[in-house]
Amino acid sequence: MPTSIAPTTVPLPSREHLEALVADILTEARAQGATAAEAAVSFGSALSVTVRLGEVETLEHHRQRGLAVTVYFGQSRGSASTGDWRPDAIGETVRSACAIARYTAADPYAGLADPDRLAREIPDLDLYHPWALTAEDAIEQAHECEAAALALDPRIRNSEGGSVATHTGLSLYGNSHGFCDGYPTTRHSLSCSVIAQDDSGMQRNHWYSGARDRVDLETPLAVGQKAAQRALRRLGSRRLATRQVPVLFAPELARGLIGHFIAAIRGGALYRKASFLLDRLGTAVFPEFVNIDERPHLLKALSSAPFDGEGVATADRAVVSGGVLQGYVLDSYSARRLGMQTTGNAGGTHNLIVEAGPLGHEELIRQLDRGLWVTELLGHGVNPVTGDYSRGASGFWVEHGQIQYPVHEITIAGNLADMFQGIVAVGNDVDARGGIRCGSLLLERMTVAGE
């Protein structure tokens, strides 16, 4: 291990510097004849370390900066980007965007977000918590994480490594409506992946922790031990005969199901008529106990944002209330295509919260009674147009409300529309590590294909 490695903290450029860059881009766009323009400037620095079997496998420092500009000549649009902030590079990038716009057919739906939808008050969402992490410290924490996993049980025979990563960034967005704002953010993570082995074979599993603030991360010891425990419980996995049974999705997988729902109500899928949830606004798509809210202003949350990628103010809203679809996920362009208003989702959603039910994990296993608890999914067998769903899976077979044995090499299949309607319980074991916060989801029935 190196005896001395310099600290890796890279100071962020000043906000005033980025504001000046945005102003220069917009001024250049006007000078080249654009009737409207928007620009985004970003800077980021990161450190990531992976230790495998006690040795440093990777040590990476990243520093990234970029700018992107979109110009409009009437309703003809052109975009270009670069990582070079020099004045001549800015001028060339704007010229490239203008050249594209001049040769692009007019699109009646193209244009900046409506001025009255732009954010005027920018709340401080507590998203910036830099971690003064040296490479030496990162190596030590990654080593501690992996060592905790390897020491837990002699059946942990191999490792894919313990990892630590930290990222700090500052981004600003501005447009010719006079909007210009941005904010710094941080994101930190710890992870570990190990392999357990006994006479039945080998099984791999992992765990990770992520947060805006390092004090909210799980400890390296906890992450490593949880990765090992998850690998150990997979030993002795069996296959199942094909059957139809209730299925319980673990929280980290349940949020993926909600992700498929969100993809189906995005404006792009809707105006292209490429969604199985076309024309479902105001209708029941889940049982009436299911409520899904968007909460963009949660302090320290990983998907919080005071405004979206077009400068549109974000706000709390109900996406699903009493099982009924209340709103789509729209940016300005897709909203115009659909004859609607933007929902402030240019660039994605911001903290989707699936309301937790009263039952914890053990109670859900008892309610499952006889069926499959799914803890890992493989492949990408989802058709967004029809809703057909088929994924490789592994997990645990449950009988009489008790876990019996691990299972693998199976496929679970159904149709998302039926699966959503077939939810019978939402757990209170919420996974808050991403932009969708959801507990376990118990589904009434799916096809499990095996032997």
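Being part of a strand (DSSP E or B), touching a Leu at 6+ places or on another chain (Cβ under 6 Å) and surrounded by fewer than 19 Cβ atoms within 10 Å (Cβ to Cβ) is the filter here, so list the residues in region 182-216 that pass it.
Matches in region 182-216: P184, D198.
Looking at region 181-216 only, could you name the residues that are over 30 Å from A119 (Cβ atoms) and hydrophobic (A, V, I, L, M, F, W, C)? Working first, answer last.
Our first condition is that a residue be over 30 Å from A119 (Cβ atoms); within region 181-216, this holds for 190-209.
Of everything in region 181-216, those that are over 30 Å from A119 (Cβ atoms) and hydrophobic (A, V, I, L, M, F, W, C) turn out to be L190, C192, V194, I195, A196, M202, W207.
May I ask you to say which residue of V223, V247 is in contact (Cβ under 8 Å) with a residue 12 or more places away in the chain, in contact with a Leu (Cβ under 8 Å, 6 or more places away or on another chain) and assigned to a strand (DSSP E or B)?
Numbers: V223 fails: assigned to a strand (DSSP E or B).
Only one candidate qualifies: V247.
In contact with a helix residue (DSSP H, G or I) (Cβ under 7 Å, 6 or more places away or on another chain), open to solvent by less than 60 Å² (accessible area, probe 1.4 Å), free of Cβ contacts under 8 Å to residues at least 40 places away in the same chain and among the aliphatic types (A, V, I, L, M): is that true of I156 in this structure?
Values: in contact with a helix residue (DSSP H, G or I) (Cβ under 7 Å, 6 or more places away or on another chain): yes; open to solvent by less than 60 Å² (accessible area, probe 1.4 Å): yes; free of Cβ contacts under 8 Å to residues at least 40 places away in the same chain: no; among the aliphatic types (A, V, I, L, M): yes.
No; evaluated as a whole, the condition is false for this residue.
Look through A99, A105, A110 and report the one residue that is outside any strand (DSSP E or B), of a type outside the set (D, E, K, R) and either without any contact (Cβ under 8 Å) to a residue 24 or more places away in the chain or touching a Cys at 6+ places or on another chain (Cβ under 8 Å) (or both). Spell out the reasoning first.
Details: A105 fails: either without any contact (Cβ under 8 Å) to a residue 24 or more places away in the chain or touching a Cys at 6+ places or on another chain (Cβ under 8 Å) (or both); A110 fails: either without any contact (Cβ under 8 Å) to a residue 24 or more places away in the chain or touching a Cys at 6+ places or on another chain (Cβ under 8 Å) (or both).
Result of the check over A99, A105, A110: A99.
Could you tell me whether region 168-186 includes any residue that is in contact with a helix residue (DSSP H, G or I) (Cβ under 9 Å, 6 or more places away or on another chain), among the polar types (S, T, N, Q), over 30 Å from T27 (Cα atoms) and without any contact (Cβ under 8 Å) to a residue 60 or more places away in the chain?
Within region 168-186, one or more residues are in contact with a helix residue (DSSP H, G or I) (Cβ under 9 Å, 6 or more places away or on another chain), among the polar types (S, T, N, Q), over 30 Å from T27 (Cα atoms) and without any contact (Cβ under 8 Å) to a residue 60 or more places away in the chain.
Name the single residue, out of those in region 9-41 being of a type in the set (V, I, T) and open to solvent by 50 Å² or more (accessible area, probe 1.4 Å), that is farthest from S193 (Cα to Cα). Walk me through it before giving the result.
First pass over region 9-41, keeping only residues of a type in the set (V, I, T): 9-10, 22, 25, 27, 35, 41.
Cutting the leftovers down to open to solvent by 50 Å² or more (accessible area, probe 1.4 Å) gives us 9, 27, 35.
Details: T9: 27, T27: 50, T35: 52 Å.
Going through the qualifying residues, I end up with T35.
Among the residues of region 42-70, write down those that are crowded, with 17+ Cβ neighbours inside 10 Å, of a type in the set (D, E, K, R) and more than 25 Å from the chain's Cα centre (by Cα).
R52, the sole residue that qualifies.
Could you tell me which of the residues A393, A425 is of a type outside the set (S, T, N, Q) and over 23 Å from F289 (Cα atoms)? It would help to see each step written out before you state the result.
On the way: A425 fails: over 23 Å from F289 (Cα atoms).
Unique residue meeting the criteria: A393.
From the residues in region 71-92 that are among the aromatic types (F, W, Y) and at pLDDT 95 or above, which one is surrounded by the most Cβ atoms within 10 Å (Cβ to Cβ)?
Within region 71-92, the subset among the aromatic types (F, W, Y) is 72-73, 85.
Still in the running and at pLDDT 95 or above: 72-73.
Details: Y72: 24, F73: 18.
Ranking the candidates gives Y72 first.
Out of everything in region 287-307 that is buried (at least 21 other Cβ atoms within 10 Å of the Cβ) and among the hydrophobic types (A, V, I, L, M, F, W, C), what residue ends up being nearest to the chain's Cα centre (by Cα)?
A301
Among the numbered criteria (1) among the aliphatic types (A, V, I, L, M); (2) open to solvent by 20 Å² or more (accessible area, probe 1.4 Å); (3) touching a helix residue (DSSP H, G or I) at 6+ places or on another chain (Cβ under 6 Å), which single criterion is violated by L443?
If we test L443 against (1) among the aliphatic types (A, V, I, L, M); (2) open to solvent by 20 Å² or more (accessible area, probe 1.4 Å); (3) touching a helix residue (DSSP H, G or I) at 6+ places or on another chain (Cβ under 6 Å), just (2) comes out false.
Are any of the residues in region 291-314 modelled with pLDDT of 95 or more and farther than 30 Å from H129 by Cα?
yes
For a quick check of your reading: which strands (runs of 3 or more DSSP E) sit entirely within region 335-436 and have at least 3 residues that are open to solvent by less than 40 Å² (accessible area, probe 1.4 Å), in contact with a helix residue (DSSP H, G or I) (Cβ under 7 Å, 6 or more places away or on another chain) and closer than 27 Å to G236 by Cα? Spell out how you get there, then give the answer.
Numbers: elements: 352-354, 371-378, 388-399, 402-415, 423-426.
The qualifying strands (runs of 3 or more DSSP E) are 371-378.
When residues of region 133-155 are filtered for being of a type in the set (V, I, T) and in a helix (DSSP H, G or I), how many remain?
Residues of region 133-155 of a type in the set (V, I, T): 134, 139.
Checking the rest, the ones that are also in a helix (DSSP H, G or I) come to 139.
Residues flagged as of a type in the set (V, I, T) and in a helix (DSSP H, G or I) within region 133-155 amount to 1.
Which of the residues that make up region 262-306 are out of contact with any Gly (no Cβ under 7 Å at 6 or more places or on another chain), of a type in the set (D, E, K, R) and more than 17 Å from D431 (Cα to Cα)?
Listed by number, the residues that qualify are R266, R272, K273, D279, R280.
From V398, V385, grab the single residue that is more than 19 Å from V290 (Cβ to Cβ) and touching a Leu at 6+ places or on another chain (Cβ under 7 Å).
Values: V385 fails: touching a Leu at 6+ places or on another chain (Cβ under 7 Å).
Criteria check complete, one pass: V398.
Of all residues in region 203-251, which are hydroxyl-bearing (S, T, Y) and out of contact with any Ser or Thr (no Cβ under 7 Å at 6 or more places or on another chain)?
To start, the set of residues in region 203-251 that are hydroxyl-bearing (S, T, Y) comprises 208-209, 219, 237, 242.
Matches in region 203-251: T219, T242.
Sort out which residues of region 128-177 are farther than 26 Å from R63 by Cα and of a type in the set (D, E), and write them in order of number. Working first, answer last.
At the first step, the residues of region 128-177 found to be farther than 26 Å from R63 by Cα are 144, 146-159, 176-177.
Answer for region 128-177, where residues must be farther than 26 Å from R63 by Cα and of a type in the set (D, E): E144, E146, D153.
Got a sec? Which of L59, L26, L67 is assigned to a helix (DSSP H, G or I) and among the hydrophobic types (A, V, I, L, M, F, W, C)?
Working: L59 fails: assigned to a helix (DSSP H, G or I); L67 fails: assigned to a helix (DSSP H, G or I).
The match here is L26.
The values are calculated or read from the model by the stated rules, or taken from the named source; none is laboratory data. What you are looking at is a predicted structure, and each value in this text was computed from that prediction instead of being measured. Ideal geometry is used to build each Cβ from the backbone, glycine not excepted, and the neighbour counts take in all protein chains shown. Ligands, DNA and RNA are stripped out before the accessible areas are found, and what is left, the full protein with its side chains, is counted by its heavy atoms. Shrake-Rupley method; radii C 1.70, N 1.55, O 1.52, S 1.80 Å.
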